[in-house]
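Following: one structure in structure tokens, then a few remarks.
The values are calculated or read from the model by the stated rules, or taken from the named source; none is laboratory data. Worth saying up front: this structure is predicted, and the values here are computed from it rather than measured. Note: ideal-geometry Cβ built from the backbone for every residue, glycine included; neighbour counts use all protein chains shown. The protein model used for the area step is the full one, side chains on, heavy atoms only, and it has no ligands, DNA or RNA in it. Shrake-Rupley method; radii C 1.70, N 1.55, O 1.52, S 1.80 Å.
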Amino acid sequence: SGLVSQRTSTHLRPASAAATASAAAKTAARYVLAKSASPAETSLAIIATAPRNYGGFGMRGARLNEPVKLRREAERIAHGSSLVCDVLWPERGVALEYDSSQFHGSSLRLSRDSRRRSALAAQGLEIRSITASQLENVFEFQETILHAFRAAGCDFKRLNGKQLDRHMRLRSELRKCV
């Protein structure tokens, strides 16, 4: 679990709101990772990394906005020597890219994003895009990350009944404080 950086803390609601936060929200705050670029990235990382008994998916070891030094083939695709992954599990070889309509809607940006994903795949990463609607939909989000981690050879199980209840509470608390 990471620390709350000054940049990340700007994505959390003011202290007055935090003072009334539930135990679940306070627990979730322990799983906020440094270097988040948006509230959505903060939520995505908490949901993915918090332990299952707190409602997360328990996929520890994530890093936000982590630079990846590219090998020659990936450099040619990316037109550069490194790329930054929104959420990266370097030891597992999995990366999630959050695609918001605000920053990814233009034709030029879509082209750049496609090139980035291709370069990261050439680097050997299992890369998946997550949109706002996928992040909000528990089952779409679960299936997307399940596929990425399984393709990388990781054992990843769907949430069971009790875990799903906790997961829904975690999401509810995140909506209040992120």
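All of 68, 87 fail the test of being under 20 Å from residue 122 (Cα atoms), of a type in the set (A, V, I, L, M) and crowded, with 22+ Cβ neighbours inside 10 Å, apart from 87.
Being closer than 21 Å to residue 38 by Cβ, within 16 Å of the chain's Cα centre (by Cα) and not in a helix (DSSP H, G or I) is a property that does not hold for residue 133. Taken over the range 153-178, the criterion of being open to solvent by 50 Å² or more (accessible area, probe 1.4 Å) and part of a loop (DSSP other than H, G, I, E, B) is satisfied by 153, 155, 157, 158, 160.
Tallying residues that are open to solvent by 50 Å² or more (accessible area, probe 1.4 Å) and more than 15 Å from residue 97 (Cα to Cα) within the range 107-123 yields 2. So, residue 148, is that one over 12 Å from residue 92 (Cβ atoms), part of a helix (DSSP H, G or I) and either of a type in the set (S, T, N, Q) or in contact with a strand residue (DSSP E or B) (Cβ under 8 Å, 6 or more places away or on another chain) (or both) or not? For residue 148, the condition - over 12 Å from residue 92 (Cβ atoms), part of a helix (DSSP H, G or I) and either of a type in the set (S, T, N, Q) or in contact with a strand residue (DSSP E or B) (Cβ under 8 Å, 6 or more places away or on another chain) (or both) - is not met. When the range 131-152 is filtered for residues that are in contact (Cβ under 8 Å) with a residue 60 or more places away in the chain and either within 19 Å of residue 61 (Cα to Cα) or surrounded by fewer than 14 Cβ atoms within 10 Å (Cβ to Cβ) (or both), the ones remaining, listed by number, are 132, 141, 142, 145, 149, 152.
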